[in-house]
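Enquirer: Sharing a structure below in structure tokens format, with a few things to ask.
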Amino acid sequence: MNHHALAMELAAELAKYVPADHYLLCFARRSLAIPVTGQFQRGEDNPAAVLTPDDVRRMRAMRAAGNTYPQLAKHYGMSIKQIWRICNRHQWSWVE
């Protein structure tokens with residue numbers, strides 16, 4: 001059995017125990033739907049992505065409006081360090 005088939009089987013088993021909208025199940029289904037290309041997928045194309053480009057724009061606008069990094073971290077459910085990286089364009093730098 002290859003890794004993809006095993007992962008599909010595990011996702012089906014997980015679906016028996018968690019709600020359909022549970023983040024782990026959604027992540028597993030999304031990850032399995034994306035073809036493996038051998039290349040790093042950036043932004044929302046990455047199966048592990050939590051944000052969309054619109055989220056990033058909104059986050060940066062909120063920061064410019066005076067929200068603090070801890071406030072944004074709480075709002076988005078992310079670490080303060082990660083929020084800082086996004087707002088200062090160390091990550092998601094291609095999003096205007």
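Enquirer: Quick check, is Ala65 small (Gly, Ala, Ser) and at pLDDT below 85?
Expert: For Ala65, the condition - small (Gly, Ala, Ser) and at pLDDT below 85 - is not met.
Enquirer: Cβ-Cβ below 6 Å, separation at least six or inter-chain, first residue in the stretch 43-56 and under 19 Å from Leu24 (Cβ atoms), second part of a helix (DSSP H, G or I): which pairs?
Expert: Close Cβ pairs satisfying both conditions: Pro47/Arg30; Pro47/Ser31.
Enquirer: For Met78, only one of the following conditions fails: (1) at pLDDT 75 or above; (2) part of a helix (DSSP H, G or I); (3) of a type outside the set (Val, Ile, Thr); (4) within 26 Å of Glu96 (Cβ to Cβ). What is its number?
Expert: It is condition (2) that Met78 fails.
Enquirer: If you don't mind, another one. When you go through (1) surrounded by fewer than 16 Cβ atoms within 10 Å (Cβ to Cβ); (2) under 19 Å from Gly43 (Cβ atoms) one by one for Ala64, which number turns out not to apply?
Expert: (2)
The values are calculated or read from the model by the stated rules, or taken from the named source; none is laboratory data. These numbers were taken from a predicted model, which means no experiment stands behind them. FYI the Cβ positions are ideal-geometry reconstructions off the backbone, even for glycines, and counts take in every protein chain you see.
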